[in-house]
Amino acid sequence: LKGRVKEYIEQTKEGNRDRRRVLKDFSKLLDDEIEKVVLFMIEQQGLIAARLEDLGEKKARLQDLPLLQEISELREAYREVGMDLVKLLKFVDINANAVRKILKKFDERLGYKFTDYYVSSRLNHPYSQLKQVFKHVGIGAVVGALSRNLGDLEEREGSYLNIYDQHPLAIPKDPIIDMIKAAADKLTNSTNFLRFLGQHALIAQEDTTGSEVERIEGDNYHFISLVLNLVNTFLYMVNTYIIVPTADDYATSLGAAATVCGVIIGSMAVAQIFSSVYFSAWSNRSYFRPLLFSSIVLLLGNVMYALAYDLDSLVILLVGRLLCGLGSARAVNRRYISDCVPPRIRMQASAAFVSASALGMACGPAVAGLLQTNFKVYVFTVNQDTLPGWVMAFGWLVYLIWLWISFREPALDPDVKYFHEGSSSSSSTRYLEQEELEQGLADQLLQAYEDGQTGQGERLSATSTLRPASSVVSAYRLLTPSIKVQLLIYFMLKYAMEILLSESSVVTSYYFGWNTSTIAVFLAILGLTVLPVNAIVGTYISNMFEDRQILLASEVVLLAGVLLSFRVTGTYTVAQYLCSALLTFVSAEVLEGVNLSLLSQVMSSRLSRGTYNGGLLSTEAGTLARVAADGTITLAGFLGRGALLNATLLPSLLICLASIAATMSTYNSLFY
């Protein structure tokens, strides 16, 4: 179908075909291809069922006179059936990906919004063939038959139980059953807890070629270096949130308004806008040097933050926070996991990255709550305002020493091709090989459509489309409406979370008289909800509902949390604030995982690598949201502390409504 898309582009340029004719023709071609896949799948399922029936008759004949050799042969025959089922599932998965890619390519090349129409009209139709590609009806029955018969053939001395008398988790499983379940899960994109966590990180999980696996396993993977990257992201998140409970008190002690805490907290995010870009580019050449630079800058930034109290200088305090933001190496941490961790444990490493972030987010305020003291060491004041800076400076010093001693710089692949200046990651070779493999499959399976059209020029064209975005402008051109909506949602949820967290100390002290310790406990409890909520969503909810359904539901719940946060009467109770905060925070966390999952699937492969990649775009969107939120808090402070709450919630409400409307407009294109 790629050849046909190319024909359509030439014909529309020459004016030989109108838009409606192109859409009708391409719809018919795609329907025919999907129908061939579905009919083949049904045919193969019938053959598998017939083989199982024959094996069942053979097994019945062994009941009276069981022979060990024949039982062993029968067991192997059942396993062969299972392997053929795995192959069938992988075949359907390849074609499901082909449907996604050709729809995306058609929209990008011809400038149409065909995907929305095609998916909504096919998936919602009672005779939909497309729906069969993304489901695996009948597979469960085959798995059940294989499990039962393999279980019956196992030697169980003294046991008369069959699989229906036991809990599913207690049934001994043959390895082939796990392979079938893994293939089925991949086909339906169902996510367990580990995968759900990993999607938060937006780290590429592409299949890796055999040579690439050997290079990563043999040369690049170093466990301690991975741990150092995870510790880096943990410390950075602690560094971000450790000042939140005391930022307003620090501002007033330096003669500023309490609402200047928004500027203090947000200055770190302002610097991160720039640091994300240069760290992303730097990681093309090295991992050790950017991590070293990050540690030194964060060490200096925290020392300046702590010294600002004795120097009575708000400027030094803000410069210290800016330096901390310039030391944000999360782009390096992501890139290291993507390029230097073997595929077999990359999802676990991605989940560990998210867990380290969540743990740091919870530990930051908790540690701040423990630092309630006031004394002097020589001329330096040590109190609840300065101690977070000193503690983090010591933490980064220890980390710097550990990094210098233990980190091992991965060896660069000498065969890596430079797709653009400064981009030489191993993933570039991986994508080129993957595209060549897909092109080879297309040549074999779709020869009738592409005969005579897939020469050297076509391959060169395919290779040229693999080049990653080389600038912000080129990256923006790759953003489809679905991607833009997902980035808007990410902006919205980060904005709402930042408003909630950054103004918590001002709001709770004004309305409820909470002290620093109480605020710290409240924020720590919020942070600790991240992993349990993700466990529930990743293990259960994501397997019961589509990602787009969870996405929309989470937006609605977040909207409810924002609405509940408004002060509409003369009194504002602790119960109202706690319920609204919990609704807002938890729904935003759920929304983040689903949003990044969908973003990684609708995003062009050209945005999966290079400096201006999808991870950078999402990071920039979230960072801009935090800057905007902290700026809103500071500006709203001029209205007085009594008006701060409603004034900061109003933009959250409007952005949330806009994101829900945008989600509805692109809902049918989020079918991945």
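The values are calculated or read from the model by the stated rules, or taken from the named source; none is laboratory data. Everything quoted here is computed from the prediction, not taken from an experiment. Ligands, DNA and RNA are excluded from the accessible area calculation, which covers all protein heavy atoms including side chains. Shrake-Rupley method; radii C 1.70, N 1.55, O 1.52, S 1.80 Å.
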> Normalised by the number of residues in segment 303-375, what is the relative contact order in percent for Cα pairs under 8 Å and 6+ residues apart?
Replying inline: 16
> Can you run phi through the Karplus equation (6.51, -1.76, 1.60; θ = phi - 60°) for segment 268-284 and list ³J(HN,Hα) in whole Hz, with x for Gly and Pro?
Replying inline: 5, 5, 4, 5, 5, 4, 7, 5, 4, 5, 6, 5, 5, 5, 5, 5, 5
>> Can you give me the % of accessible surface on segment 12-55 that is carbon or sulfur? Probe 1.4 Å, all protein chains present, nothing else counted.
In response: 50
